[in-house]
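The block underneath contains the structure these notes are about, expressed in structure tokens.
Derivation of every value follows stated rules applied to the coordinates shown; laboratory data play no part. Remember, it's a predicted structure, so these values are computed and weren't measured experimentally. For neighbour counting, all protein chains shown are included, and Cβ atoms are generated from backbone atoms with ideal geometry for every residue, glycine included.
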Amino acid sequence: MPHLILTSRDLPIPPLSAGGEPLEFRIIGEGVDMTGAMALVSTSLEKISAAQIEAFPDTVGLIANLGVGFDTIDRYAAAKRGVTVTNTPVVAEDTADHAFALILATCRRLNEHERYVRAGQWPATEPLTSVRVHGKRLGLVGFGDIGQGVARRAKGFGMEVSYWNRSARAKAAAEIGATRVEDLHALLRRSDIISLHTAHTPDTHHIINSETLAACKKGAFLINTGRGGLIDEDALIAALQSGHIAGAGLDVFEDEPKVRDAFIAMENVVLTPHAAALTHECRMEIVMRGLMNVIKFIETGEVMDEVPAPA
């Protein structure tokens with residue numbers, strides 16, 4: 001008899017089995033029969049609310065999220081129902097590539113230069129000047145696998161790398177050549193470019209706000225491939241409009257897929273659609289890692305990538 005697995009959207013899933021029985025996948029929605037379902041496979045693009053979790057049959061014991069983040073899942077409701085939550089920690093290198101691409105694109109004004117050439121303005125008008133990246137001071141807010149990946153790339157550009165993290169990562173920092181700054185404001189004051197890589201939690205919600213933006217060096221650049229909720233978007237828009245922040249590279253947004261009109265109108269903001277992990281290779285790694293958690297859960301009751309229950 002097939003094992004029924006729910007999904008939050010249509011996903012590129014090959015034929016799979018667990019314990020000698022095939023997996024049957026069914027997209028959740030109004031009127032969908034969830035009887036006997038054992039797990040839900042979700043993505044970081046959908047919110048899994050307390051109401052949805054409470055509506056699951058008692059047989060559902062796992063939410064396997066396809067993505068490293070898990071802030072879209074109501075973990076309190078999951079813990080109350082005894083439902084395990086997993087993620088897929090396989091996105092670090094692709095996300096670090098994308099973060100550094102945003103650093104280059106934003107500082108060197110690549111999007112503006114491309115639009116300038118396509119509009120036939122060259123050589124009728126003078127090309128825009130930009131800001132060099134090599135040799136600059138990079139401040140990383142968060143120093144997990146992704147932050148460390150960005151730091152390694154930055155060292156290749158001769159950048160001075162500092163990081164703020166709630167716990168010291170002394171071994172990784174020593175290997176890479178990064179310096180820990182214990183005070184966030186101090187990190188922001190010294191950094192030419194700031195890149196966000198901390199998890200989005202109640203403690204880090206709007207960690208970039210009017211106060212922390214005011215602490216930034218005038219003319220600094222802000223990059224976000226973490227989560228949209230890390231930034232108070234009203235405060236960032238004001239800082240960009242005033243020129244205090246010279247530019248921003250944003251892959252994530254607070255109310256995505258909606259993007260604020262002010263960001264779209266600004267030439268000094270580079271926008272991408274939560275695409276940091278959207279390489280062909282990484283997408284398949286994410287899907288397969290999530291499904292491996294599902295298979296292991298069905299066969300053994302255990303998982304590889306359990307997200308800690310909320311305190």
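List of remarks:
- Between ALA186, VAL294, GLY19, the Cα set farthest toward the positive side of the dipole of the chain (charges on each charged residue's Cβ, about the Cα centre) is that of ALA186.
- Burial order of peptide ranges 259-269, 142-152 (average beta-carbon count within 10 Å, highest first): 142-152, 259-269
- Taking other Cβ atoms within 10 Å as a rough exposure proxy, ASP234, ASP305 sort from fewest to most as ASP234, ASP305.
- The mean sequence distance of close C-alpha pairs (under 8 Å, at least 6 residues apart), as a share of the length of the stretch 92-271, puts its relative contact order at 21 percent.
- The stretch 10-141, dipole about Cα centre (Lys/Arg Cβ +1, Asp/Glu Cβ -1), debye to the nearest 20: 840
- Per-residue Cβ neighbour rank within 10 angstrom, fewest leading, ARG289, ARG227: ARG289, ARG227
- Hydrodynamic radius (Kirkwood) for the stretch 92-271, which is based on Cα pairs only, to one decimal in Å: 16.4
- In percent, rounded to a whole number, the relative contact order of the chain is 18, using alpha-carbon pairs under 8 Å and six or more apart.
- Entry for Cα extents along the principal axes in Å (calculated from the structure that is shown) out of (1) 68, 47, 32; (2) 45, 43, 37; (3) 56, 45, 36: (1)
- Gyration tensor over alpha-carbon atoms, the stretch 29-158, equivalent ellipsoid semi-axes in Å: 45, 20, 10
- Only the Cβ atoms of Lys and Arg (+1) and of Asp and Glu (-1) were treated as charged; on that basis the dipole of the stretch 92-271 about its Cα centre amounts to roughly 740 debye.
- Other residues with beta-carbon under 15 Å from the beta-carbon of GLU182 carry, at +1 per Lys or Arg and -1 per Asp or Glu, a net charge of +4.
- Where only DSSP H runs of four or more residues are counted, the chain gives -10000 deg cm²/dmol as its mean residue ellipticity at 222 nm, each run worth -39500 (n - 2.57).
- Net dipole in debye of the chain [+1 Lys, Arg Cβ; -1 Asp, Glu Cβ; about Cα centre; nearest 20]: 1240
- Since only GLY69, ALA51, THR125 are under comparison, the one whose Cα sits farthest along the positive direction of the charge dipole of the stretch 1-125, derived from C-beta charges on Lys, Arg, Asp and Glu, is THR125.
- DSSP-defined beta bridges in the chain - what % are antiparallel, rounded to 5: 5
- Counting charges near LYS155 (Lys, Arg +1; Asp, Glu -1) among other residues having Cβ under 14 Å from its Cβ returns a value of +2.
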